[in-house]
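Engineer: Please see the structure below; I have some questions.
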Amino acid sequence: MTLRIGCIADDFTGGTDVAAAFRRAGLRTALVFGVPDTETPLPDDCDAAVIALKSRSTAAGEAVDDSLAAQRWLWSKGAAQIYFKYCSTFDSTPKGNIGPVTDALLDAAGARLTLACPASPPNGRTVYQGHLFVHDQLLSDSPLRHHPLNPMTDPSLPRLLAAQTPHRVGLIALPTVRAGVDAVREALLTHERDGVRHVIADALDDDDLAVLGAAALELPVVTGAAGLAEGLGRAYPASGTTAAEPLPTGGRSAVLAGSCSARTLEQIAQFYAAGLPSLHLDVLAAAAGRDVVAEALDWYDAQDPELPVLIYASASPDELTAVQQQLGVGEAAAQVEGLLGALAVHLVDRGLRRLLVAGGETSGAVTTVLNIRTVLVAEEADPGVPWTRTTTRGRDLALMLKSGNFGAPDLCVRALEETR
Ligand code: ADP
């Protein structure tokens, strides 16, 4: 058993993002969907295991319970350190869930102090004097101040966290981080002596995060976004399993898209422009009783098996509104998930070996219907969008799950052409 680091991510795409970060750091990484149980598999020789929960915006009590269950499972698999991954914009409210979950993880671990840094420099998220920046703006001046669930109107991380925990919150400012690993360790000890439990650290770039990762190596619980996870991963002694994760070869390739995000619509347009076969699913016809799945399978069987295909429900904003007005938002979503889920099962049974799923909710629906609980993370096609390897319905499958707005406009073409 080699598991070094167990990670709990507070949402699905955050799980993929942090798993890709551990993989970039050279760790063999598994990604598990939902609170695992005794049946949930963990591949041998993993250095890191990431559990993707949906605990960002649930009630704090539920988020705590799920996170503690995930921590117990990770410990049972041998994890020596727990990393709690949340959004690089610190998505939370005074009720939580970052503070309550972190406190519960610390209590369970019997740990006195943790290091926290949500910086994610490639995405323009930096921390200076404890203040969170989104590119050149303070968090509170950025569009995140209008976030529908967790509006972020205060840029001060110590203040945001202090509202979510009864414990003391402290800061390690940039000059100490720039002074190096020993200086950060010294500062952590000082904070511990002073009774501080949550230590926020400044970080402007990946070098700062590497210093913080090395200084935090012995802490039982560390928290942050994907940036500090990568810093931590790089601080672990080389695992010797950094060779590329092999993906299944042969068989057919497909994209199933349910996202209506602007970037996914661009990716669909590029797939079409590349002259590759694509099929739009008629959601209203399906709701009216037409066997849209059977029609799509006839179409699929008639395509050149050498070429990747795209099957999509994704709609332009106008079309989406029209369908939602006619069916209701819930029924429209259920139709889309039903169609794409059924197609995923049929395509795998027909020998599909590479599947790219576009859309966060859509990915959840497809993994559920394929009963996929665990995947192994392979190489990234784009930042935060890795290929993964899994087994479903008795077959090996290369699977890419992407949130709607992730990936370059040519992702679908490139990812499926490259792996052929
Ligand atoms: P993203 O990651 O871009 O948010 P999701 O898969 O999470 O993508 O969400 C896309 C939503 O759009 C889903 O709820 C899906 O059911 C809905 N949807 C997709 N295509 C259609 C369509 N043609 N008509 C109505 N709703 C649709």
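The values are calculated or read from the model by the stated rules, or taken from the named source; none is laboratory data. Owing to the predicted nature of the structure, the values given are computational and were not obtained by experimental measurement. Glycine gets a Cβ as well: all are built from the backbone with ideal geometry, and neighbour counts include every protein chain shown. When the accessible area is computed, the model is the full protein with side chains, heavy atoms only, and any ligands, DNA or RNA have been set aside. Shrake-Rupley method; radii C 1.70, N 1.55, O 1.52, S 1.80 Å.
Engineer: Where both partners of a DSSP beta bridge lie in region 5-235, what percent of those bridges are antiparallel, to the nearest 5?
Structural biologist: On the way: 10 of 40 bridges.
The answer is about 25 percent antiparallel.
Engineer: List the residues, sorted by chain then number, that are 5 or more residues from A378 or on another chain and whose placed amide H is less than 5 Å from its amide H.
Structural biologist: So A378 has HN proximity to W387, T388, R389.
Engineer: Would you mind telling me the antiparallel percentage of the DSSP bridges in the chain, rounded to 5?
Structural biologist: 30
Engineer: Per DSSP helix of 4 or more residues, -39500 (n - 2.57); summed, then divided by the residues of the chain. What does that give at 222 nm, rounded to the nearest 500?
Structural biologist: Taken over the chain, the calculation gives -12000 deg cm²/dmol.
Engineer: Another one. How high is the relative contact order of the chain, in percent, with contacts defined as C-alpha pairs under 8 Å that are six or more residues apart?
Structural biologist: That works out to 18 percent.
Engineer: What's the magnitude of the charge dipole for region 170-227 around its Cα centre, counting Lys and Arg as +1 and Asp and Glu as -1 at the beta-carbon? Answer in Debye, nearest 20.
Structural biologist: Details: 4 positive and 10 negative charges, 44 e Å.
Rounded to the nearest 20 debye, it is 220 debye.
Engineer: Let me know the whole percent of all Cα-Cα pairs from the chain that are separated by more than 39 Å.
Structural biologist: So the portion of pairs separated by more than 39 Å is 20 percent.
Engineer: Work out how far the C-alpha atoms of region 237-321 reach from end to end along every principal axis, then list the three figures in whole Å, largest first.
Structural biologist: 57, 30, 26
Engineer: I'd like the Karplus ³J(HN,Hα) series for region 275-281: coefficients 6.51, -1.76, 1.60, θ = phi - 60°, whole numbers in Hz, and an x wherever there's a Gly or Pro.
Structural biologist: x, 8, x, 9, 9, 8, 8
Engineer: Can you pull the percent of region 5-235's accessible area that's carbon plus sulfur, 1.4 Å probe, other chains left in place? Numbers along the way, then the final one.
Structural biologist: Details: 4400 of 8530 Å².
Of the solvent-accessible surface of region 5-235, carbon and sulfur hold 52 percent.
Engineer: To one decimal place, what orientation-averaged projected area in nm² is obtained for the convex hull of the Cα set of region 5-235?
Structural biologist: Taking the Cα atoms of region 5-235, their convex hull projects to 11.0 nm² on average.
Engineer: Work out from phi, with θ = phi - 60° and the Karplus expression 6.51 cos²θ - 1.76 cosθ + 1.60, the ³J(HN,Hα) of each residue of region 292-299, listed in order in whole Hz, and give x for Gly and Pro.
Structural biologist: Residue by residue, region 292-299 yields 5, 5, 4, 4, 5, 5, 4, 4 Hz.
Engineer: If contacts are Cα pairs under 8 angstrom and at least 6 residues apart, what is the relative contact order of region 44-123 in percent? Kindly include the intermediate steps, with their values, before the conclusion.
Structural biologist: Values: 51 pairs, mean separation 26.8, N = 80.
Relative contact order comes out at 34 percent.
Engineer: What does the charge count near L209 come to, summing +1 for each Lys or Arg and -1 for each Asp or Glu among other residues with Cβ under 10 Å from its Cβ?
Structural biologist: Local net charge: -4.
Engineer: Please give every one of the aspartates and glutamates within straight-line cross-link reach of K77, meaning a C-alpha to C-alpha distance under 19 Å, and leave out same-chain neighbours fewer than 8 residues apart.
Structural biologist: D37, E39, D44, D45, D47, D65, D66, E218
Engineer: Still on this structure, I have one more. Residue by residue through region 365-376, which ³J(HN,Hα) values in whole Hz follow from phi under the Karplus form 6.51 cos²θ - 1.76 cosθ + 1.60 (θ = phi - 60°), with glycine and proline marked x?
Structural biologist: Calculated HN-Hα couplings, in order: 5, 5, 5, 5, 5, 8, 6, 8, 9, 9, 10, 9 Hz.
Engineer: What dipole magnitude, in Debye to the nearest 20, does the chain give about its Cα centre under +1 on Lys/Arg Cβ and -1 on Asp/Glu Cβ? Numbers along the way, then the final one.
Structural biologist: Details: 33 positive and 50 negative charges, 159 e Å.
Taking the Cα centre of the chain as origin, the dipole is about 760 debye.
Engineer: Which net charge results when you count Lys and Arg as +1 and Asp and Glu as -1 among the other residues whose beta-carbon is under 15 Å from that of D47?
Structural biologist: +2
Engineer: Using the charge dipole of region 5-235 (Lys, Arg: +1 at Cβ; Asp, Glu: -1 at Cβ; taken about the Cα centre), state which of A203, W75, L149 has its Cα farthest towards the positive end.
Structural biologist: The Cα lying farthest towards the positive end belongs to L149.
Engineer: I'd like the accessible area for F406: 1.4 Å probe, protein heavy atoms, all chains in place, Å² to the nearest 10.
Structural biologist: So the heavy atoms of F406 present about 70 Å² to solvent.
Engineer: Counting only protein chains, not ligands or nucleic acids, how are D318, D410 ordered by accessible area (probe 1.4 Å), most first?
Structural biologist: Working: D318 125, D410 55 Å².
Largest accessible area first, the list is D318, D410.
Engineer: Size of region 252-418 along its principal axes in angstrom, Cα-based, largest extent first?
Structural biologist: Rounded to whole Å, the extents work out to 41, 31, 31 Å.
Engineer: Report, in whole Å, the centroid distance computed from the Cα atoms of region 338-402 and region 137-199.
Structural biologist: Rounded to whole Å, the Cα centres lie 37 Å apart.
Engineer: Then there is this: Between beta-carbons, use under 15 Å as the cut-off and find the net charge around G110, counting Lys and Arg +1, Asp and Glu -1.
Structural biologist: Net local charge, G110 excluded: -1.
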